[in-house]
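**Q** Quick one: the structure is below, questions incoming.
The values are calculated or read from the model by the stated rules, or taken from the named source; none is laboratory data. All of these numbers come straight from a predicted model, not from anything done at the bench. Note that each Cβ is placed from the backbone with ideal geometry, even for glycine, and that neighbours are counted across all protein chains shown.
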There are 2 protein chains.
Amino acid sequence: MSEKKLCNISRRNLIAGAGKLAIGSAIAASALSVGFDVKDADASKKSLKWGWGYKKLDPKEVGEIAYKLWYKGYCCYAVVGSMVLPLRRKVGGPYKSLPIDAFRFGHGGVIGWGTICGTLLGAGIATSFIAGKTGEMMLNDIMAWYTETKLPEYKPRHPKYKGPMPITVSDSPLCHISVGKWMKKANKSFKSPARRDRCARLAADVAIYTVKILNQWVDDGYEYYMENEPQVAKYGITAQNNCMECHAKGIPGVPGK
Amino acid sequence: MSEKKLCNISRRNLIAGAGKLAIGSAIAASALSVGFDVKDADASKKSLKWGWGYKKLDPKEVGEIAYKLWYKGYCCYAVVGSMVLPLRRKVGGPYKSLPIDAFRFGHGGVIGWGTICGTLLGAGIATSFIAGKTGEMMLNDIMAWYTETKLPEYKPRHPKYKGPMPITVSDSPLCHISVGKWMKKANKSFKSPARRDRCARLAADVAIYTVKILNQWVDDGYEYYMENEPQVAKYGITAQNNCMECHAKGIPGVPGK
């Protein structure tokens, strides 16, 4: 029997159940309501500082932490943890109450759907919590670097996989394309020890590059958008740079562009 | 002068600077090091419970919050905030110290790169903080529903854009594909008020669907992986379901599959 068959609550029932909710009594509705006003989002800002700060970390140490954490909770968890865990000691404060487990879901391009590489999602989460709005600009450069660079570069002190490690350029921030190109070159399956170690090393590479940027931010400031202009400005739509890889028959017209 | 030209710190300098770090003295290295042992990641678990709990929310109210929050911080921020802000009142505790601003970077498929739709990233973050590991299973169903459904469905009480609102099926969790198909059908630019309102309504739709699942979780439990098996099990690689949309000339062989 398939997993689907084992289920005794179907999505149809879920929707039907939700429909009952929607037509429920005013009493039930008021029981659920918190009388929330969206203006409260502003009020919350006053007590919740965004951008928790940073003290310089050793890129080598962070890389090694990311590599090891990958084997505990995969890519996104590894990159977030490689910075948040040392910062709990070095900065303390709110970092002490951010559970890195909450970012496990980023694995495999978000629970295996092959969207954004979990290492990049982890870098986005870490830079945002650390540097606030400036984190977005850092992430833009991290993503551009990731797509253009032969990876993985990282050599673990004690590699779990000791065979040859091919390197590839993803030309894309997507997990599916990044790992797919590597799997093709390496002729290894997704579940192979070689592929697993490739992604663990990639987590180290992204964590190291991110920490180099953060350290530069401390030393010299960080001139954001310095290397890469926003994608929407370039393309008139949210986009990657590898257009023709998917649009083999030409890019559909972009209205207004 | 372009933004690029304005920059006086190039990526080349960044890498060179990082190189200096790598060959820096032992004294400098020890100043950066926190002497972190990866085993500490386990220790942190004891003090940091993952899965902060939930009390039922009114889907209609959550949808309206998401719609309004979109105009403050875009898609990912809107969906996270639509649940976290009411839960600060209903559950309190750790929700009170989670800054929703930290998830603004998810806009436009992560800072405009068109990867995962920010509404889905927001649902992933919210379900993970709320339900822990079970959140992954919920997100798997939310993502499948998103790709198969004509959206947006949501009708705001006071729409910012009052013109006709086309609906489209994305067949993909990617921002670029989802918004691109809508832009083509609507013949609207990315920066048009219609496109903006489409994404604000989509944030409401995803928030509402997520809350319906969370409410069902409270009422009846939630049989996860009930509707959709993991992507890697289906394809032998992290993947979406719309293979031929990109692989117009056929899917490259998947090693080991």
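**Q** Which members of segment B:105-137 meet the condition of being touching a Ser or Thr at 6+ places or on another chain (Cβ under 7 Å) and more than 7 Å from chain A (Cβ to nearest Cβ)?
**A** Passing the criteria: B:C117, B:A123, B:A126, B:T127.
**Q** Here is a further query. Report yes if some residue within segment A:178-192 is modelled with pLDDT of 90 or more, polar (S, T, N, Q), assigned to a helix (DSSP H, G or I) and out of contact with any Phe, Trp or Tyr (no Cβ under 7 Å at 6 or more places or on another chain); otherwise report no.
**A** Within segment A:178-192, one or more residues are modelled with pLDDT of 90 or more, polar (S, T, N, Q), assigned to a helix (DSSP H, G or I) and out of contact with any Phe, Trp or Tyr (no Cβ under 7 Å at 6 or more places or on another chain).
**Q** Output the residues belonging to segment B:233-242 that are more than 19 Å from A:P173 (Cβ to Cβ) and either at the interface with another protein chain (Cβ under 7 Å from one of its Cβ atoms) or not small (G, A, S) (or both).
**A** Across segment B:233-242, the qualifying residues are B:K234, B:Y235, B:G236, B:N241.
A quick yes/no check of all residues on (1) more than 12 Å from the chain's Cα centre (by Cα); (2) not aromatic (F, W, Y):
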position: B:W70; (1), (2): yes, no
position: B:R88; (1), (2): yes, yes
position: B:K96; (1), (2): yes, yes
position: B:I111; (1), (2): no, yes
position: B:T115; (1), (2): no, yes
position: B:T119; (1), (2): no, yes
position: B:I125; (1), (2): no, yes
position: B:L151; (1), (2): yes, yes
position: B:P156; (1), (2): yes, yes
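**Q** Which numbered condition in (1) at pLDDT below 85; (2) surrounded by 15 or more Cβ atoms within 10 Å (Cβ to Cβ) is the only one that B:H247 fails?
**A** The single condition B:H247 does not satisfy is (2).
**Q** Would you confirm, using the coordinates I've provided, whether B:I213 is assigned to a helix (DSSP H, G or I), within 12 Å of chain A (Cβ to nearest Cβ) and over 27 Å from A:V232 (Cβ atoms)?
**A** yes
**Q** Would you call A:G109 farther than 25 Å from B:Q231 by Cα and not hydroxyl-bearing (S, T, Y)?
**A** For A:G109, the condition - farther than 25 Å from B:Q231 by Cα and not hydroxyl-bearing (S, T, Y) - is not met.
**Q** Determine if segment B:67-86 includes at least one residue that is assigned to a loop (DSSP other than H, G, I, E, B) and at the interface with chain A (Cβ under 8 Å from one of its Cβ atoms).
**A** Looking through segment B:67-86, none of the residues is assigned to a loop (DSSP other than H, G, I, E, B) and at the interface with chain A (Cβ under 8 Å from one of its Cβ atoms).
**Q** Follow-up question, since we're still on this one. Assuming B:N140 fulfils every condition listed in (1) surrounded by 24 or more Cβ atoms within 10 Å (Cβ to Cβ); (2) of a type outside the set (F, W, Y); (3) over 22 Å from B:Y77 (Cβ atoms); (4) more than 10 Å from chain A (Cβ to nearest Cβ) apart from one, which condition is it?
**A** Result: B:N140 passes all but (4).
**Q** Same structure again: Considering B:K181, B:K160, which residue is touching a residue at least 12 places away in the same chain (Cβ under 8 Å) and closer than 22 Å to B:V62 by Cβ?
**A** B:K160
**Q** Across segment B:165-184, what is the total count of residues that are more than 22 Å from A:I177 (Cβ to Cβ) and within 10 Å of another protein chain (Cβ to nearest Cβ)?
**A** Of the residues in segment B:165-184, 2 are more than 22 Å from A:I177 (Cβ to Cβ) and within 10 Å of another protein chain (Cβ to nearest Cβ).
**Q** Within segment B:50-70, can one find any residue that is closer than 26 Å to A:I130 by Cβ, at pLDDT 95 or above, out of contact with any strand residue (DSSP E or B) (no Cβ under 8 Å at 6 or more places or on another chain) and among the charged types (D, E, K, R)?
**A** No, every residue in segment B:50-70 fails to be closer than 26 Å to A:I130 by Cβ, at pLDDT 95 or above, out of contact with any strand residue (DSSP E or B) (no Cβ under 8 Å at 6 or more places or on another chain) and among the charged types (D, E, K, R).
**Q** Quick check on A:G19: is it surrounded by fewer than 15 Cβ atoms within 10 Å (Cβ to Cβ) and either part of a helix (DSSP H, G or I) or modelled with pLDDT of 65 or more (or both)?
**A** yes
**Q** From the list B:R104, B:R89, exactly one residue is in a helix (DSSP H, G or I) and at pLDDT below 95. Which is it?
**A** B:R89
**Q** Hey, another quick one. Just to be sure, is B:W145 of a type in the set (F, W, Y) and part of a helix (DSSP H, G or I)?
**A** Yes; evaluated as a whole, the condition is true for this residue.
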